[in-house]
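Following: one structure in structure tokens, then a few remarks.
Coordinate-derived values only; no laboratory data. All of these numbers come straight from a predicted model, not from anything done at the bench. Cβ coordinates were reconstructed from backbone atoms using ideal geometry, including for glycine residues, and neighbour counts include every protein chain displayed.
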Amino acid sequence: MSLTLLVESNPRIIDIYLLNLTTYVGLDIMVVSTVNDALQVLDKQPFKLIISRASLEQKNLAELIAEKMGQQQLSIPLFVIGHGVYPKLATGVLGGSLDLKGVVKGAAQALGITAQQMVQKKVDDFFPIHSRYIQLINLPPTDLFEKSAEGQFRVIAPAHQKLDHSTLPRDTFFYVPKLERLQMVNLITSELISQLDDKDLNPDEVIQAGVSNIELLSKKLMSIGLTEETIQLAKKSMNSLAQNAKINKELGKLLKRMHANQASYLFLHTQIVSYVSLHIVKHIDWGTPEQEEKINFICFFHDIALENDIQAKIKSKEELRKSNLDTREKNLVENHAQIAAELVHKYPHAPMGVDQLIRQHHGMLNGIGFADNFGANLSPMAIMFVVAEEFTRIIIERENGPYDVKEMAKHLKATFPTSRFKKIIEIVEKITF
Ligand SMILES: [Fe+2]
Ligand SMILES: [Fe+2]
């Protein structure tokens, strides 16, 4: 195994890297968390790779490492993560630490390991995972095994059944069948990401965590429904969406950052529709501050039942009919507004009427299917959201811009020609990119 030095101070990110880099690339990793330790350990160990934060403790850590490598004539690939100064000799850089595909790929490339070698890597039939990681999950996606003193494996907890952590041994290893190890590792990774606090993350990482959290939460809400755990995560995600919409004064910047981080369509559209609808409510004459909370709920939950970007892009009966989705998926798309509305209806202390608004977000009062035109019986808030969604769709179509707001508004006027929409479209036209 190749010894890799990881310099990172966030304990959860350390765990994420340990888990993923050992599983995917088979690295043997030594972790240090301070600038001092990083510089001291350099001349003591023969590292094959260094993965380091660009900056730590307000110092340009990667630069310092590069300098020291120069002094000692060390030639070790240096992979730099996070914002800050990137030294010239860096073999790779990533702005956000939670681009795990990028980290795995970068580490493998630096060590000359090919994708094929990673796939063909020899793995024992049972893959060990430390109990401290298992403590993070409640519903194991695979059977969990323990190993007896004689080396026999036996199931200690079956797949898809709630784990009783009080009965599980601590400080030991559990095992999962080798073909199912990535499923387990990916779930633990998502759980670790969901525990990160936005305030410890840079703006790229906030987006990467947002993508992961909405996916994790959607799966959990659809399987276990509302629990203390899912409610907490929902609150955190809603907060993050609103903050992101507020911090970024210009929508164009936020969009660029999201595209640069390859945000999923589902997350991208949830974040942008939050921005657009918050803007509308702030400027429309019937808007009140309380409605901001409503907007948060609508934006976050309205498509939460959807599982992937293909489902999320469907916006009409015709598109649904023509899609290649199987019957189950078509049913889900058809009913997603209704499913989300029911979920929010049960959400403790959700703002009044949010479930109704979610039900109407494709113009149908009962939350089933897609309306051809938007009836007079929709509430003003539902109308506002329909416009915000359509505008979001137009923006996302433009990818990295340019975003000509007048030109985009022209499309809106053509889609929504009646007077009910006029005022809202005028407000949308004032969004700055
Ligand atoms: Fe949507
Ligand atoms: Fe929808």
Sort segment 3-120 into rounded, prolate or oblate with this rule: let a ≥ b ≥ c be the square roots of the eigenvalues of the Cα gyration tensor; rounded if a/c is under 1.5, and if a/c is not under 1.5, prolate when a/b is larger than b/c, oblate otherwise.
prolate
With θ set to phi - 60° and the Karplus curve 6.51 cos²θ - 1.76 cosθ + 1.60, what are the ³J(HN,Hα) couplings of segment 201-218 in order, to the nearest whole Hz, using x for Gly and Pro?
10, 7, x, 5, 5, 4, 5, 4, 5, x, 4, 5, 5, 5, 5, 4, 5, 4
Where does segment 117-168 land on the Kirkwood hydrodynamic radius, alpha-carbon pairs, in angstrom?
12.5 Å
For segment 365-379, take each phi angle, set θ = phi - 60°, evaluate the Karplus expression 6.51 cos²θ - 1.76 cosθ + 1.60, and give the result in whole Hz per residue in order, putting x for glycine and proline.
5, 8, x, 10, x, 10, 7, 7, 9, 9, x, 5, 7, 6, 6
Residue among Ser419, Tyr347, Tyr403 farthest towards the positive dipole end of segment 283-428, charges placed on Cβ:
Ser419
Using the count of nearby Cβ atoms within 10 Å as a rough guide to exposure, how do Tyr24, Tyr347 rank from fewest to most?
Tyr347, Tyr24
Relative to the Cα centre, what is the charge dipole magnitude of the chain, using +1 at the beta carbon of each Lys and Arg, -1 at the beta carbon of each Asp and Glu, and rounding to the nearest 20 debye?
680 debye
Longest exposed-site-free window of the chain, the sites being trypsin sites (Lys or Arg not before Pro) in a DSSP loop that have at most 15 other C-beta atoms within 10 Å
316-397
Could you list Val281, Val155 in order of exposure, starting from the residue whose Cβ has the fewest other Cβ atoms within 10 Å?
Val155, Val281
Calculate the dipole size of segment 1-131 relative to its Cα centre from +1 charges on Lys and Arg beta carbons and -1 charges on Asp and Glu beta carbons; express the result in debye to the nearest 20.
260 debye
Answer with one residue from Phe127, Asn138, Leu187: the one whose Cα lies farthest towards the positive end of the charge dipole of segment 126-188, charges on Cβ with Lys, Arg +1 and Asp, Glu -1.
Leu187
Taking Ser212, Ser33 and counting other C-beta atoms within 10 Å, the order from fewest to most:
Ser33, Ser212
Cα-based shape type of segment 169-262, given that a ≥ b ≥ c are square roots of the gyration tensor eigenvalues and the cut on a/c is 1.5
prolate
Among beta bridges assigned by DSSP with both residues in the chain, the antiparallel ones amount in percent, to the nearest 5, to 40 percent
Taking a ≥ b ≥ c as the square roots of the eigenvalues of the Cα gyration tensor of segment 197-428, is the shape rounded (a/c under 1.5), prolate (a/b larger than b/c) or oblate?
rounded
For Ala115, what charge total do you get from the other residues with a beta carbon under 13 Å from its beta carbon, if Lys and Arg give +1 and Asp and Glu give -1?
+3
Distance from a point 7 Å along Cα→Cβ of Glu180 to each backbone N in segment 140-165: keep the residues under 18 Å and list them by number.
140-148, 152-165
Taking K and R as +1 and D and E as -1, what net charge do the other residues with C-beta under 12 Å from the C-beta of Asp37 add up to?
-1
Hydrodynamic calc, the chain: Kirkwood Rh from Cα pairs, then Stokes-Einstein at 20 °C with viscosity 1.002 mPa s, so D in µm² s⁻¹ is 90 µm²/s
What is the sum of charges, Lys and Arg at +1 and Asp and Glu at -1, for the other residues whose Cβ falls under 12 Å from the Cβ of Phe374?
-2
How tilted is helix 100-110 with respect to the longest principal axis of the chain? Cα atoms for both, answer in degrees (0 to 90, nearest 10).
40 degrees
Cross-link pairs beyond the 28 Å C-alpha cut-off, checked among Lys101/Lys236; Lys101/Lys294; Lys313/Lys413; Lys48/Lys219; Lys249/Lys413; Lys253/Lys315
Lys101/Lys294; Lys48/Lys219
With +1 on the Cβ of every Lys and Arg and -1 on the Cβ of every Asp and Glu, the dipole magnitude of segment 322-414 about its Cα centre, in debye rounded to the nearest 20, is 120 debye
Can you tell me the orientation of helix 419-428 relative to the chain, as the angle in degrees between its alpha-carbon axis and the longest Cα principal axis, to the nearest 10?
40 degrees
If you line up the long axis of helix 380-397 against the longest principal axis of the chain, both from Cα atoms, how many degrees apart are they, to the nearest 10?
50 degrees
Relative contact order for the chain using alpha-carbon pairs under 8 Å, separation at least 6, rounded to a whole percent?
10 percent
Counting only backbone N atoms under 19 Å from a point 7 Å out along Cα-to-Cβ of His259, the residues of segment 380-403 in range are 390-403
